[in-house]
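Following: one structure in structure tokens, then a few remarks.
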Amino acid sequence: MVTFADVYAAPKRIVVFTGWASAEPETGAIFFEVPLEISGIVQAGLFLKGVAFADRPDEHVSFEIALRNIGGRRREPLARLDWRPIDGGHTNQRRKDVPQGLGGTRINGTHLHGFDLNWFEDQARMRKGNLPIARAAESLESFEMARDFAGKQFGIKNMDIVQRPPLEYDLFHGPNA
């Protein structure tokens, strides 16, 4: 039987990058969702999702690898990188089974909801909730650095085909501001 751990550990490739969707009028969110392949075979339900906000240049970007059950809407996130979140970071659950002394800790800024932190090997399942445990990520100074870091963490070999999202720069959020 193939487990989530097997899927996560396997080298993956993005099948095709179709670009970022237009901004949602209500939230300004822009996103993409692309299928992933393992050993040249598209894996049903395995995908990479990216989310950004058009009016938040160079901040509040997420990359998530997840599985969706076939014919259903339920998705199981495997790992996520939150780059420069506007809410400041993430607070881990305060529980005894939280690994590496991370229980109850606050991670400010960019953080990784790593597969290893949210997978129960002995039970062959993910933690309940939306990847509730995270750790601080290394300093990632640009979208490209965040994208490449996520690709390395998720085992996606061609992550560089993900293009920078179409962002709305202004006087205070310009590319050289």
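Among the residues of the stretch 103-114, those that are open to solvent by less than 30 Å² (accessible area, probe 1.4 Å), closer than 29 Å to ARG147 by Cβ and out of contact with any His (no Cβ under 6 Å at 6 or more places or on another chain) comprise GLY109, THR110, LEU112, HIS113, GLY114.
Here is a yes/no grid of residues against (1) under 24 Å from VAL34 (Cα atoms); (2) of a type outside the set (Asp, Glu); (3) within 11 Å of the chain's Cα centre (by Cα):
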residue: ILE65; (1), (2), (3): yes, yes, yes
residue: ASN69; (1), (2), (3): yes, yes, no
residue: ARG80; (1), (2), (3): yes, yes, yes
residue: PRO85; (1), (2), (3): yes, yes, no
residue: ASN108; (1), (2), (3): no, yes, no
residue: HIS113; (1), (2), (3): yes, yes, yes
residue: MET126; (1), (2), (3): yes, yes, no
residue: GLY129; (1), (2), (3): yes, yes, no
residue: ILE133; (1), (2), (3): no, yes, no
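The single condition among (1) modelled with pLDDT of 95 or more; (2) more than 19 Å from PHE53 (Cβ to Cβ); (3) among the hydrophobic types (A, V, I, L, M, F, W, C) that TRP83 does not meet is (2). Within the stretch 1-22, if we keep just the residues that are touching a strand residue (DSSP E or B) at 6+ places or on another chain (Cβ under 8 Å), touching a residue at least 40 places away in the same chain (Cβ under 8 Å) and in a loop (DSSP other than H, G, I, E, B), the residue that is surrounded by the most Cβ atoms within 10 Å (Cβ to Cβ) turns out to be TRP20. Just wondering, is there one or more residues in the stretch 23-36 that are among the acidic types (Asp, Glu) and assigned to a loop (DSSP other than H, G, I, E, B)? Looking through the stretch 23-36, at least one residue is among the acidic types (Asp, Glu) and assigned to a loop (DSSP other than H, G, I, E, B). Based on what the data block shows, is LEU117 surrounded by 13 or more Cβ atoms within 10 Å (Cβ to Cβ) and either touching a residue at least 60 places away in the same chain (Cβ under 8 Å) or in a helix (DSSP H, G or I) (or both)? The answer is yes for LEU117.
The values are calculated or read from the model by the stated rules, or taken from the named source; none is laboratory data. What you see is a predicted model; the values in this text were computed from it and never measured. Every residue, glycine among them, receives a Cβ derived from its backbone with ideal geometry; neighbour counts consider all protein chains shown. Surface accessibility is based on the protein's heavy atoms, side chains included, excluding ligands, DNA and RNA. Shrake-Rupley method; radii C 1.70, N 1.55, O 1.52, S 1.80 Å.
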